[in-house]
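The values are calculated or read from the model by the stated rules, or taken from the named source; none is laboratory data. Bear in mind that the values here come from a model prediction, so they are computed numbers and not experimental data. Neighbour counts run over all protein chains shown; Cβ positions are idealised from the backbone, glycine included. Just the protein is used for accessible areas: all its heavy atoms, side chains included, with ligands, DNA and RNA removed. Shrake-Rupley method; radii C 1.70, N 1.55, O 1.52, S 1.80 Å.
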Amino acid sequence: MASGKKKLTRRKFLIGSGVVVGGGLVLGYAALPNQLKDIAARHKGEGQILSGWIKITPDNKVTVIVPHAEMGQGTHTALPMMAAEELDADWDLVSMEEAPGLPEFANQPLGEGFIVGDKLPDILAPLINKAFYSIAQAMDLQITGGSTSVRFTGQYGMRVAGAAAREMLVKAAAREWGVSANDLTTEKSFVHHKASGRSASYGSLVEAASAIDPNPTPALKPKSAHTIVGTRTIKRFDIPGKVNGTAKYGIDAEVEGMLYAAIARVPVHGGTITSINDGAALAMPGVKKVCNLGYAYAVVADKYWRAKTALEAVEIDFEAGGNELVDSDAIFARFNQELATLELEYDIDEGDVEAAEGRLIEADYAVPYLAHACMEPMNCTAWVRDGVCDVWTGTQAPLMARTAAAVAAGLEPENVTVHNHMLGGGFGRRIHAENDYVAPAVEIAKMTGQPVKTIWTREEDMRFDEYRPAVVSRFAAKLGDDGKPNAWKNRFSDKREPAEAPLIPYGVSNQSIGFVRSQSHIKLGPWRSVDHSQHAFFTESFVDELAYEAGADPLEYRLSMLADAPRHAHVLKTAAEKAGWYSGVRAGRAMGVAVHESFGTIVAHVAEVSIGDDGMPRVHKVTCAVDCGEAINPDNIESQIESAIIYGMTGAFFGEITVQDGQVVEGNFPEYEMVRLADVPEIEVYIIESGAPLGGIGEPGLPPTAPAITNAIFALTGQRVRKLPIRNYEFSASA
Amino acid sequence: MEFSLRVNGEARTVDVEPDTPLLWVLRDELGFKGVKFGCGVAACGACTVHMDGTATRSCIFPVEAAEDIEITTIEGLADEGMFTDVQQAWIDEQVPQCGYCQSGMVMAVSALLDENPSPTDQDINDAITNVCRCGSYPRIRKAIRKVISERGAA
């Protein structure tokens with residue numbers, strides 16, 4: 001921007017009103033009758049598809065077609081709940097199937113939102129900005145990420161589709177019976193006409209209903225009428241298969257005649273192979289081929305263990321353009337230097353932080369690179385033959401996987417079929433920011449001419465992740481006589497998404513939040529909650545420092561600056577009250593608090609910690625209050641918050657990917673350690689249904705986790721953790 | 001080389017290198033895909049099976065040492081279409097998220113509770129060191145407690 005300054009408005013998740021977007025969704029299908037016919041034709045004889053995502057068969061069964069991947073976040077159940085609620089379906093007759101990776105099932109509400117000018121969830125923006133994801137292709141989005149499933153696909157898709165389908169069924173019954181639709185009621189997958197006592201199942205009406213145009217703006221049920229959404233009686237569809245070993249993940253794909261590949265990248269990110277010695281490997285049992293991909297090499301064999309063993313016998317020389325000299329210290333030094341020298345861009349620049357008066361408080365923070373460490377290492381099975389390509393994998397973005405496979409196979413996307421599976425962890429890793437697992441697997445399969453399953457070792461998975469960025473963040477504030485900041489100045493070294501992540505909810509009149517885009521050769525990607533993961537740690541730690549400098553209670557200090565953010569204040573107060581903030585803690589323990597909004601949801605945590613005999617902090621309890629607007633599946637919300645807290649604890653306590661000689665050092669557990677059962681605190685979750693627009697739930701529990709813990713550590717020890725992870729510090733409880 | 005194994009009550013023969021980890025034999029030679037590859041160094045527990053009833057991480061266990069041992073995988077824990085009380089507790093408490101670690105979790109917990117019907121929290125912490133990246137741990141503990149109390153009541 002010419003001025004180099006821009007002011008961000010708070011992100012709006014609604015586009016004007018729900019009607020426009022709701023209309024957009026249904027019109028997405030209804031206004032494209034050919035597309036709807038295509039889908040119907042593909043499912044011919046399998047029942048009728050009404051309003052896009054709902055299939056009803058004559059036996060009265062309802063199948064909700066979910067255009068999102070299941071990676072444990074519960075979307076395969078929450079979205080059918082939303083559709084079934086509006087449809088007035090009998091939940092016992094409802095099942096789901098995941099939509100195939102086809103444009104017809106693309107994430108229309110996301111695409112619509114983009115086309116009509118609202119911001120896409122920012123996590124998606126860098127992806128569609130890539131050369132081969134033009135804006136025109138935004139309609140092809142079929143992505144699970146950015147905590148979008150329920151609040152976009154669910155709100156503007158499933159609810160509208162369910163209500164529209166219900167209207168179609170009612171109209172069909174009205175026509176058949178020659179009565180007014182207004183005199184009909186629906187309940188548990190039946191239409192009733194009270195006056196005549198007639199009833200008909202949805203299944204018996206569906207053929208007639210499918211001839212009726214869907215209403216793009218059907219009336220939605222009031223919350224008080226809900227019998228499925230918001231209840232605790234619904235069990236997730238995917239769980240039984242996950243307790244008896246039958247759930248199929250990408251790594252479980254089986255293709256007739258399949259070979260196995262083990263893969264290794266050039267050790268320095270971005271490096272290129274200059275020579276390869278594969279003679280010894282080729283002579284080993286079962287080895288079929290050694291593939292040189294330039295950036296990586298792979299051994300293809302009849303058994304995975306043979307491929308992996310032979311891979312160790314391959315020798316390469318490589319060229320890394322000087323990156324082989326870079327280590328973590330050099331990377332952070334570069335960030336600090338570029339923060340001082342590169343031209344700043346601004347998230348916000350209001351008032352005059354330099355001219356503002358007050359007592360100057362400064363602090364510098366940093367976080368390291370973090371790996372995703374999905375439990376299922378990256379893998380992909382591919383088969384390229386006769387001008388077509390099939391891919392079996394677990395992906396958060398089947399259409400992007402399709403494009404990546406098409407490019408790697410040298411085919412058009414129409415000739416690529418992606419068979420998506422359960423994801424053994426996603427967390428942003430399986431969004432294909434760098435197309436780093438589907439594309440190589442397709443290249444290997446193409447070179448081999450047979451179906452090949454390529455499996456990354458844990459070490460390869462960890463050393464060639466697309467990491468959460470390492471970032472340095474510097475703060476300066478000026479405290480007035482009342483102890484409150486007159487100025488908030490923040491400078492940081494990396495900017496991705498979402499744009500608003502560094503913004504604070506607190507009323508500070510002079511604010512300047514600016515950044516540079518510092519780079520290293522380490523590959524980066526979205527990591528659960530994206531930029532929120534680092535910025536909540538930075539901002540909620542620094543505001544805690546200000547409270548201390550002001551001699552104020554950290555909770556009261558925050559509340560005193562939240563007059564214009566009543567939802568934040570309410571969430572904070574709720575967490576604090578439930579945690580017993582005002583009644584104090586037992587000797588040897590202390591509490592810390594943090595609040596942060598992300599993906600439309602506001603979360604506050606109060607963490608209670610002590611210091612163990614080993615000098616390491618122990619988290620005894622985390623009390624959480626979450627305002628996500630409305631609770632669709634309350635049990636799953638609690639589950640996701642527990643999950644995000646524990647994922648956040650792993651990052652806060654242990655998470656650190658370091659670089660030496662240009663290479664990532666950490667390759668496996670426990671070198672890159674995880675929170676385990678013994679480390680897990682008691683977690684209490686309080687859901688606040690404020691009635692605000694639906695927020696996401698897969699990510700928002702994470703950002704306030706680290707600062708709540710480190711603020712508690714400060715309260716107990718007087719030691720301020722300004723650079724994660726916590727395990728690099730030594731603490732003593734007697735401050 | 002040929003090796004004779006007993007898996008889920010059946011005799012099976014496989015022809016693989018002697019150092020092949022049992023994990024890959026179970027998955028790819030015998031089709032027990034419920035046994036999961038997580039780390040390859042016995043640090044995460046996703047590959048946990050029972051060997052003569054003891055929870056064992058199969059990813060570093062060479063097939064040549066697995067003969068004459070009764071091996072049980074997640075597939076062999078209950079009769080088809082049935083769930084053990086541990087599996088049922090996992091469903092009741094809605095434990096799994098991504099679910100990838102849960103075969104190993106269920107196997108580790110099943111072995112623990114067979115050996116020690118009333119473990120303390122410390123016993124549970126010491127025995128269940130499997131990694132769950134989704135953080136289903138609070139529910140794992142709840143489900144374990146549920147099984148303990150139900151077995152105690154029976």
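Pick from segment A:669-679 the residues that are outside any loop (DSSP other than H, G, I, E, B) and open to solvent by 30 Å² or more (accessible area, probe 1.4 Å): which of them is farthest from the other protein chains (Cβ to nearest Cβ)?
So the residue we want is A:D679.
For residues that are within 18 Å of A:M71 (Cβ to Cβ) and assigned to a helix (DSSP H, G or I), tally how many sit in segment A:393-409.
Of the residues in that region, 4 qualify.
Please work out which residue is farthest from the chain's Cα centre (by Cα), limiting yourself to segment A:478-512 and to residues that are aliphatic (A, V, I, L, M) and farther than 24 Å from A:R567 by Cβ.
Out of the qualifying residues, it is A:L479.
Among the residues of segment B:96-134, how many are within 14 Å of B:C44 (Cβ to Cβ) and open to solvent by less than 30 Å² (accessible area, probe 1.4 Å)?
Matching residues across segment B:96-134 total 15.
Yes/no per residue for (1) open to solvent by less than 20 Å² (accessible area, probe 1.4 Å); (2) free of Cβ contacts under 8 Å to residues at least 60 places away in the same chain; (3) more than 30 Å from A:T710 (Cβ to Cβ); (4) assigned to a loop (DSSP other than H, G, I, E, B):
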| site | (1), (2), (3), (4) |
| --- | --- |
| A:P285 | no, yes, yes, yes |
| A:W305 | no, yes, yes, no |
| A:D317 | no, yes, yes, no |
| A:V353 | yes, no, no, yes |
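Only one of A:E666, A:E682 is in contact with a Phe, Trp or Tyr (Cβ under 6 Å, 6 or more places away or on another chain) and within 14 Å of another protein chain (Cβ to nearest Cβ); which?
A:E666
Do you know which residues across segment A:639-668 are in a helix (DSSP H, G or I) and of a type in the set (S, T, Y)? Break it down stepwise before answering.
Initially, segment A:639-668 is screened for residues in a helix (DSSP H, G or I), giving A:639-653.
Matches in segment A:639-668: A:S639, A:S643, A:Y647, A:T650.
Name the single residue, out of those in segment A:166-180 being surrounded by 14 or more Cβ atoms within 10 Å (Cβ to Cβ) and without any contact (Cβ under 8 Å) to a residue 24 or more places away in the chain, that is farthest from A:S204 (Cα to Cα).
So in segment A:166-180, the residues surrounded by 14 or more Cβ atoms within 10 Å (Cβ to Cβ) come out as A:166-177, A:179.
Filter once more, so that each one left must be without any contact (Cβ under 8 Å) to a residue 24 or more places away in the chain: A:170, A:174, A:177, A:179.
Details: A:V170: 12, A:A174: 13, A:W177: 13, A:V179: 17 Å.
Ranking the candidates gives A:V179 first.
Take the residues in segment B:32-46 that are under 10 Å from B:T73 (Cα atoms) and within 7 Å of another protein chain (Cβ to nearest Cβ), then tell me which one is surrounded by the most Cβ atoms within 10 Å (Cβ to Cβ).
For segment B:32-46, the residue satisfying everything is B:G34.
Among the residues of segment A:696-721, which ones are buried (at least 19 other Cβ atoms within 10 Å of the Cβ) and either free of Cβ contacts under 8 Å to residues at least 24 places away in the same chain or assigned to a loop (DSSP other than H, G, I, E, B) (or both)?
Those that are buried (at least 19 other Cβ atoms within 10 Å of the Cβ) and either free of Cβ contacts under 8 Å to residues at least 24 places away in the same chain or assigned to a loop (DSSP other than H, G, I, E, B) (or both): A:G696, A:I697, A:G698, A:E699, A:P700, A:G701, A:L702, A:P703, A:P704, A:V721.
In segment A:200-255, which residue that is open to solvent by 50 Å² or more (accessible area, probe 1.4 Å) and within 30 Å of B:G34 (Cα to Cα) is modelled with the lowest pLDDT?
A:T233
Among the residues of segment B:77-94, which ones are touching a residue at least 40 places away in the same chain (Cβ under 8 Å), open to solvent by 20 Å² or more (accessible area, probe 1.4 Å) and more than 18 Å from B:L112 (Cβ to Cβ)?
Matches in segment B:77-94: B:D92 only.
Is there any pair with a first residue in segment A:366-382 that is on the phi > 0 side of the Ramachandran plot and buried (at least 24 other Cβ atoms within 10 Å of the Cβ) and a second that is of a type in the set (D, E) and not in a strand (DSSP E or B) whose Cβ atoms are under 9 Å apart and which are 6 or more apart or on different chains, and what are they?
That search, which allows pairs on different chains as well, returns A:A373/A:D461; A:A373/A:D465.
Which condition number does B:V14 fail, the rest of (1) buried (at least 21 other Cβ atoms within 10 Å of the Cβ); (2) of a type in the set (A, V, I, L, M, F, W, C); (3) within 12 Å of another protein chain (Cβ to nearest Cβ) being met?
(1)
Which ones in segment A:196-211 are assigned to a helix (DSSP H, G or I) and under 15 Å from A:D88 (Cα atoms)?
Across segment A:196-211, the qualifying residues are A:Y202, A:G203, A:L205, A:V206.
So which of B:D52, B:D28 ends up being out of contact with any Pro (no Cβ under 6 Å at 6 or more places or on another chain), within 14 Å of chain A (Cβ to nearest Cβ) and open to solvent by 30 Å² or more (accessible area, probe 1.4 Å)?
Unique residue meeting the criteria: B:D28.
Of all residues in segment B:55-76 being open to solvent by less than 40 Å² (accessible area, probe 1.4 Å) and among the aliphatic types (A, V, I, L, M), which is farthest from B:T13 (Cα to Cα)?
Per the stated criteria, the residue is B:I74.
For the structure I just gave you, tell me whether A:P693 is over 21 Å from A:P526 (Cα atoms), in the same structural domain as A:A547 (by TED's automatic domain parsing) and open to solvent by less than 50 Å² (accessible area, probe 1.4 Å).
no
State all residues of segment B:57-87 that are of a type in the set (D, E), part of a helix (DSSP H, G or I) and either in contact with a strand residue (DSSP E or B) (Cβ under 7 Å, 6 or more places away or on another chain) or within 11 Å of chain A (Cβ to nearest Cβ) (or both); if no residue qualifies, say none.
Residues satisfying the conditions are B:E64, B:E75.
Among the residues of segment A:527-562, which ones are outside any loop (DSSP other than H, G, I, E, B) and of a type in the set (A, V, I, L, M)?
Scanning segment A:527-562 gives A:A536, A:V543, A:L546, A:A547, A:L555, A:L559.
Which residue out of A:T601, A:T539 is closer than 16 Å to A:P707 by Cβ, touching a residue at least 12 places away in the same chain (Cβ under 8 Å), open to solvent by less than 10 Å² (accessible area, probe 1.4 Å) and assigned by TED's automatic domain parsing to the domain that holds A:T717?
On the way: A:T601 fails: closer than 16 Å to A:P707 by Cβ.
The unique qualifying residue is A:T539.
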